[in-house]
1. Within the stretch 159-168, can one find any residue that is loosely packed, with under 14 Cβ neighbours inside 10 Å, in the same structural domain as Pro46 (by TED's automatic domain parsing) and assigned to a helix (DSSP H, G or I)?
2. Looking at this structure, is Met103 of a type outside the set (D, E, K, R), at pLDDT 95 or above and not in a helix (DSSP H, G or I)?
3. Go through the stretch 413-488 and tell me which helices (runs of 4 or more DSSP H), entirely inside it, have 1 or more residues that are modelled with pLDDT under 50 and within 16 Å of ligand 4 (Cβ to nearest atom).
4. Condition first: under 23 Å from Phe377 (Cβ atoms), in contact (Cβ under 8 Å) with a residue 24 or more places away in the chain and surrounded by 15 or more Cβ atoms within 10 Å (Cβ to Cβ). Now tell me which residues in the stretch 416-443 satisfy that.
5. Of the residues that make up the stretch 123-137, is at least one more than 22 Å from Met103 (Cβ to Cβ) and in the same structural domain as Phe14 (by TED's automatic domain parsing)?
6. Starting from the stretch 5-24, take each residue that is touching a residue at least 40 places away in the same chain (Cβ under 8 Å) and in a helix (DSSP H, G or I) and list its partners that are polar (S, T, N, Q) and surrounded by fewer than 18 Cβ atoms within 10 Å (Cβ to Cβ), counting only C-beta distances under 9 angstrom and pairs at least six apart or across chains.
7. When the residues of the stretch 212-256 are filtered to those that are basic (Lys, Arg) and over 18 Å from the mean Cα position of the chain (by Cα), which remaining residue is nearest to Glu52 (Cα to Cα)?
8. Checking Met253 against (1) within 16 Å of ligand 4 (Cβ to nearest atom); (2) surrounded by fewer than 24 Cβ atoms within 10 Å (Cβ to Cβ): exactly one of these is not met. Which one?
Amino acid sequence: MKTEDITRTWYDYFAAKGHERVPSSSLVSPDPSVLFTIAGMVPFIPYFLGTETPPYQRAVSVQKCIRTADIEEVGKTARHGTFFQMCGNFSFGDYFKERAIPMAWELLTTPVEGDPQTGLRGYGLDPERLWVTVYQDDDEAYTIWRDVVGVPEARIQRFGPEDNYWNTGQPGPGGPCSEIYFDRGPAYGRDGGPAADETRFIEIWNLVFMEFRLSAVRSKSDFDVAGPLQHKNIDTGLGLERLAMVLQGVENMYETDQVRPVLDRAAELAGVEYTSTEDPQDPHHSTDVRLRMIADHVRSALMLISDGVRPSNEAGGFVLRRLIRRVILGMRLMGVEEPVFADLIAVSQQAMKGVYPEVETEFDTIRQVAVKEEQAFLRTISAGTAKLDHAVSDAQSQNRPLSGADAFALHDTYGFPIDLTLEMAAEAGVTVDEEQFRALMAEQRDRARADAKGKKSGHADTEVYRQIRGDRPTQFTGYTAHSSQSRV
Ligand code: ATP
Ligand code: MG
Ligand code: MG
Ligand code: MG
């Protein structure tokens with residue numbers, strides 16, 4: 001099933017259940033407290049908060065999302081993209097979990113060709129391979145899963161607030177959630193459900209039951225429930241790429257039809273083979289991770305530029321710059337020193353234009369933005385390379401590591417990234433004093449912070465730095481995170 005077909009079935013199913021079809025909002029979040037749209041619910045925040053009256057009570061969408069907090073996971077896990085699409089169904093004070101749970105199950109398990117009675121099409125997943133989690137105290141959800149849907153108790157697990165309680169990080173709406181996982185099979189890890197293994201059991205869908213008013217939120221697991229919300233809401237998010245990976249029978253989201261062509265082209269340009277390994281011990285692993293990262297980041301760059309983001313040193317522009325640079329570095333570390341962006345982004349455009357026609361109509365502009373950024377970075381790299389060669393040969397002749405001060409100067413003066421310094425030094429058999437490098441970076445950060453104190457600082461700036469550092473945004477995180485996100 002192609003990603004486009006998965007989307008069509010999604011819309012058709014929820015339209016048949018009375019949901020208004022709402023087009024994806026921009027990746028640039030309409031809410032100033034978050035930089036990017038990180039979940040399907042972001043465009044609906046005013047409806048959930050009750051500050052605006054929704055024009056419909058039920059909505060269905062497939063929302064473009066960016067999660068920079070997941071950047072270090074990309075290519076290493078099977079399931080984390082910086083760009084991905086979140087399919088969602090929403091109820092604003094209309095149905096609640098008694099309908100949301102059976103609908104989710106029905107859609108996942110109804111045959112692809114359609115149910116003979118209702119005519120509704122689904123995704124045809126084997127019910128025996130689905131596991132569900134509920135919040136520890138949510139007996140109501142537990143009972144619906146067990147008695148209405150018929151999931152055996154052995155495949156229902158109770159999780160604590162870290163995993164299965166959603167809130168915005170500040171006083172406001174909150175509530176328990178329930179998640180659906182797909183069992184990829186014994187080849188992928190231990191038995192025992194998502195509690196035992198999140199690689200084998202892959203999270204595909206999160207159902208949030210927004211029903212309480214929280215008066216204080218001190219942490220994910222420490223909050224005060226003030227009482228019920230006036231209206232109970234439903235907010236769900238299913239990862240389109242994760243479902244596509246399951247339905248297409250591929251190993252990870254980077255091998256699905258919207259992403260794989262870029263991966264293949266990158267491998268071709270680099271003259272390397274992609275072997276699909278997830279095993280860090282495998283000698284092909286680092287190349288495979290690199291190719292997956294490149295495929296992901298090229299697509300994210302395409303979609304960000306298409307939504308009006310431009311490379312810069314601030315906020316969203318910096319995220320885009322970083323994504324483009326990581327692609328160029330990744331290619332370089334596989335031996336490609338020529339420009340690659342025009343080529344790769346054209347391949348990504350071909351894979352995405354069916355769903356997002358604007359990436360085709362605006363392609364000239366998109367390509368120019370990316371290519372210009374690449375040219376500037378390649379100039380930086382060649383200036384830095386001369387300086388690095390010097391520093392490396394000094395270190396070699398004195399039989400010492402390359403100093404943290406040199407690595408820092410390369411970074412600071414030439415914008416030369418530490419990954420590249422490490423890799424190129426390693427090729428010459430030289431190590432780098434990383435500890436000193438990090439100390440100098442920290443000092444610089446502290447200085448910048450002290451400087452910024454007096455000046456007024458834009459929220460978006462601090463937000464992007466938090467996102468880049470991998471911290472969770474303080475507001476509207478959208479969904480609860482599992483360990484993988486908090487590990488970042
Ligand atoms: P995980 O624990 O796997 O990191 P999550 O709990 O952070 O996922 P949610 O915040 O619950 O994810 O988001 C709802 C759904 O969106 C997830 O169930 C998943 O299918 C999808 N999703 C979340 N993050 C990503 C990502 N980085 N790439 C692709 N899909 C994602
Ligand atoms: Mg989740
Ligand atoms: Mg999770
Ligand atoms: Mg996560």
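The values are calculated or read from the model by the stated rules, or taken from the named source; none is laboratory data. Since the structure is predicted, the reported quantities are computational estimates derived from the model, not experimental observations. Please note: Cβ atoms are built from the backbone with ideal geometry, for glycine as well, and neighbour counts cover all protein chains shown.
1. At the first step, the residues of the stretch 159-168 found to be loosely packed, with under 14 Cβ neighbours inside 10 Å are 160.
Now restrict to residues that are in the same structural domain as Pro46 (by TED's automatic domain parsing): 160.
With the extra rule that they be assigned to a helix (DSSP H, G or I), the set shrinks to none.
No, the stretch 159-168 has no match at all.
2. On the way: of a type outside the set (D, E, K, R): yes; at pLDDT 95 or above: yes; not in a helix (DSSP H, G or I): no.
No; evaluated as a whole, the condition is false for this residue.
3. Numbers: elements: 418-427, 434-454, 459-469, 483-487.
Of the helices (runs of 4 or more DSSP H) lying wholly inside the stretch 413-488, those with at least 1 residues that are modelled with pLDDT under 50 and within 16 Å of ligand 4 (Cβ to nearest atom) span 459-469, 483-487.
4. Phe416, Pro417, Leu420, Thr421, Met424, Ala425, Val432, Glu434, Phe437, Leu440, Met441
5. yes
6. Ala16/Thr118
7. If we filter the stretch 212-256 for residues that are basic (Lys, Arg), which is where we start, we get 213, 218, 220, 232, 242.
Next cut, over 18 Å from the mean Cα position of the chain (by Cα) only: 213, 218, 220, 232.
Values: Arg213: 17, Arg218: 27, Lys220: 26, Lys232: 15 Å.
If we take residues in the stretch 212-256 being basic (Lys, Arg) and over 18 Å from the mean Cα position of the chain (by Cα), then Lys232 is nearest to Glu52 (Cα to Cα).
8. (2)
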